[in-house]
Protein chains: 2
Amino acid sequence: MPPKIGLAAAPTRIKRRVINRDRLEADIAEVAVRIFAECGYEGTSIAAIAEAAGLSKQNLMYYYPTKQALYERVLDDVLDDWLARMDSLAHEEQDPHNVLRAYIQAKVRFSREHPWASRVYAMEVIGGAKLYGEQIHDRVVPLLRKDIDVFEKWIAAGRIAPVNATHLIFMIWAMTQSYADFSAQMALVLGRKQLTRKDYDDGEETIVRMVMAAISLQAWPHHHAQTE
Amino acid sequence: MPPKIGLAAAPTRIKRRVINRDRLEADIAEVAVRIFAECGYEGTSIAAIAEAAGLSKQNLMYYYPTKQALYERVLDDVLDDWLARMDSLAHEEQDPHNVLRAYIQAKVRFSREHPWASRVYAMEVIGGAKLYGEQIHDRVVPLLRKDIDVFEKWIAAGRIAPVNATHLIFMIWAMTQSYADFSAQMALVLGRKQLTRKDYDDGEETIVRMVMAAISLQAWPHHHAQTE
DNA sequence: GTCTATACCTAGATAGAC
DNA sequence: GTCTATCTAGGTATAGAC
């Protein structure tokens, strides 16, 4: 830490160490997300994570001094991964149908490629977001609100049918996430050990159709009177 | 315990005890479902349940010898409550739109009235159904398959559009359940402490519209060629 | 059926040598 | 940074008196 000696190599060595530390911490978090998803927060022991990551329990605690710190890092990574792909609705000037299709595709793809990330997040929310509620409030809620705004601009411009934008977004999230969160039950119904690529594609198509039908202007010719 | 004395009152007293025991066990399970939902299986201690139920930890273990036994009882009760309301699709001869609307209403209502039941079940499934997978396979899957059959009969009869019946059911479950499982996040977005009755009603209406639009024959004028 | 007491274990976390 | 050893709390579960 103290740069007392005037070696030119010193800074780079320090830097490399920092990089290695970052890598190792990231690797640990990547291993942990799966175990947290399968066992829940309290059901997960640091010993189990350490073993899966190939280091000792005490060594892991050198990098993450508490279990909660590791858990929060895991959720941070989940949100980073997730939100980076979820700016799709930002292109509000484009055709709503195309934007929405891309959005749904991105979310289903995330469910397929990062099922554990989705599940850890889901369990946290279902349990009442006691450990991570503030972060959700600061990072997820503004994004959802922005999406809702886009919907409402589309509605105001007459580009899509007058749906309830808030709940439509809720439903898009619920549907796309379910392909990660409830895949165990879906696989049971489908009689498979796990979902196949085609299952995700079928699901995606079903979601796209439902949303497209819901926002279709043709379907609501006499609908400004409300209440149907 | 030994019925040595020939009193006529003995049998009835035993019976009453059994009834009381049943009541008490049911009451314990009812208290437990909430704590399991908030803390997860491992995060829940029997001491916490016992305290909430107003008896000692050891006394609780007289009725439920293990934590897992209590957990399974809780999930049994959840399924009993749940499946009893979910036979709505059985009336396949009636108008699909009315049957589906009733089905969705029943499920949203369950989410509103029994949010903890839904959440305990969701957490179990998300974690991979390691403790309760067999019961889900035996009790839930057949019901879902039956619902899918009804859909496919409707499609074959040309009464609804040729949708993917399996995934449509998945989506109906995902959407309706989300009003219990993700209500914490929804409340955050809506800026409330918890969802109001109107929020559930808005959600229900949104789901109904999406499903109605998806199965509408008008929306798929040239769609009978489809592979279904 | 209900209580007190306790066995037994695992978990998270800390201390200190190297 | 990594190891051995250890502390401590809290959890499930059991034994036995009443």
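Details
- Residue tally, condition within 15 Å of DNA strand C (Cβ to nearest atom) and in a helix (DSSP H, G or I), over the range B:32-47: 7
- Of the residues making up the range B:79-108, those that are within 20 Å of B:Arg34 (Cα to Cα) and in contact (Cβ under 8 Å) with a residue 40 or more places away in the chain are B:Leu79, B:Leu83, B:Lys107, B:Val108.
- Single condition B:His137 does not satisfy, out of (1) in contact (Cβ under 8 Å) with a residue 40 or more places away in the chain; (2) under 17 Å from A:Met186 (Cα atoms): (1)
- Some residue of the range B:48-62 being within 16 Å of DNA strand C (Cβ to nearest atom), of a type in the set (Gly, Ala, Ser) and within 14 Å of another protein chain (Cβ to nearest Cβ): yes
- Filter result for A:Lys146 (over 20 Å from B:Val189 (Cβ atoms) and part of a helix (DSSP H, G or I)): no
- Hey, B:Val150 in contact with a helix residue (DSSP H, G or I) (Cβ under 8 Å, 6 or more places away or on another chain), more than 11 Å from chain A (Cβ to nearest Cβ), aliphatic (A, V, I, L, M) and surrounded by fewer than 24 Cβ atoms within 10 Å (Cβ to Cβ) or not: yes
- Residue list for the range B:17-43, restricted to those being without any contact (Cβ under 8 Å) to a residue 24 or more places away in the chain and either under 16 Å from B:Met123 (Cβ atoms) or touching a helix residue (DSSP H, G or I) at 6+ places or on another chain (Cβ under 7 Å) (or both): B:Val31, B:Ile35, B:Cys39, B:Glu42, B:Gly43
- Residue in the range A:116-134 that is away from DNA strand D (no atom under 16 Å from the Cβ), among the hydroxyl-bearing types (Ser, Thr, Tyr), assigned to a loop (DSSP other than H, G, I, E, B) and in contact (Cβ under 8 Å) with a residue 24 or more places away in the chain present: yes
- Taken over the range A:165-197, residues that are of a type outside the set (Ser, Thr, Tyr) and facing chain B (nearest Cβ under 8 Å) amount to 16.
- Among the numbered conditions (1) within 16 Å of DNA strand C (Cβ to nearest atom); (2) over 23 Å from the mean Cα position of the chain (by Cα), the only one that B:Glu93 does not meet is (1).
- In this structure, A:Leu55 does not qualify as farther than 17 Å from B:Asp181 by Cα and in a helix (DSSP H, G or I).
- Remark: pairs (first residue in the range B:162-175, in the same structural domain as B:Glu204 (by TED's automatic domain parsing); second residue part of a helix (DSSP H, G or I) and of a type in the set (Phe, Trp, Tyr); Cβ separation under 7 Å; 6+ apart in sequence or on different chains) = B:Ala165/B:Phe151; B:Leu168/B:Phe151; B:Ile169/B:Phe151.
- Within the range A:62-84, the residues that satisfy the criterion of being within 17 Å of A:Arg119 (Cα to Cα) and among the charged types (D, E, K, R) are A:Glu72, A:Arg73, A:Asp76, A:Asp77, A:Asp80, A:Asp81.
- In the range A:58-74, residue farthest from A:Arg23 (Cα to Cα) [restricted to those that are within 13 Å of DNA strand D (Cβ to nearest atom) and assigned to a helix (DSSP H, G or I)]: A:Gln58
- B:Ile28 being within 11 Å of DNA strand C (Cβ to nearest atom), away from chain A (no Cβ under 14 Å) and surrounded by 20 or more Cβ atoms within 10 Å (Cβ to Cβ): yes
- Checking A:Leu195 against (1) under 17 Å from B:Ala165 (Cα atoms); (2) not in a loop (DSSP other than H, G, I, E, B), the condition it does not meet: (2)
- Residue check, A:Ala84 among the hydrophobic types (A, V, I, L, M, F, W, C), within 16 Å of DNA strand C (Cβ to nearest atom) and either under 22 Å from A:Ala29 (Cα atoms) or crowded, with 22+ Cβ neighbours inside 10 Å (or both): no
- Of the residues screened, B:Pro65 is not one that is away from DNA strand C (no atom under 16 Å from the Cβ) and either more than 13 Å from every other protein chain (Cβ to nearest Cβ) or on the phi < 0 side of the Ramachandran plot (or both).
The values are calculated or read from the model by the stated rules, or taken from the named source; none is laboratory data. For clarity, every value in this text was computed on a predicted model and none was experimentally measured. Using ideal geometry, Cβ is built from the backbone for each residue, glycine included, and neighbour counts are taken over all protein chains shown.
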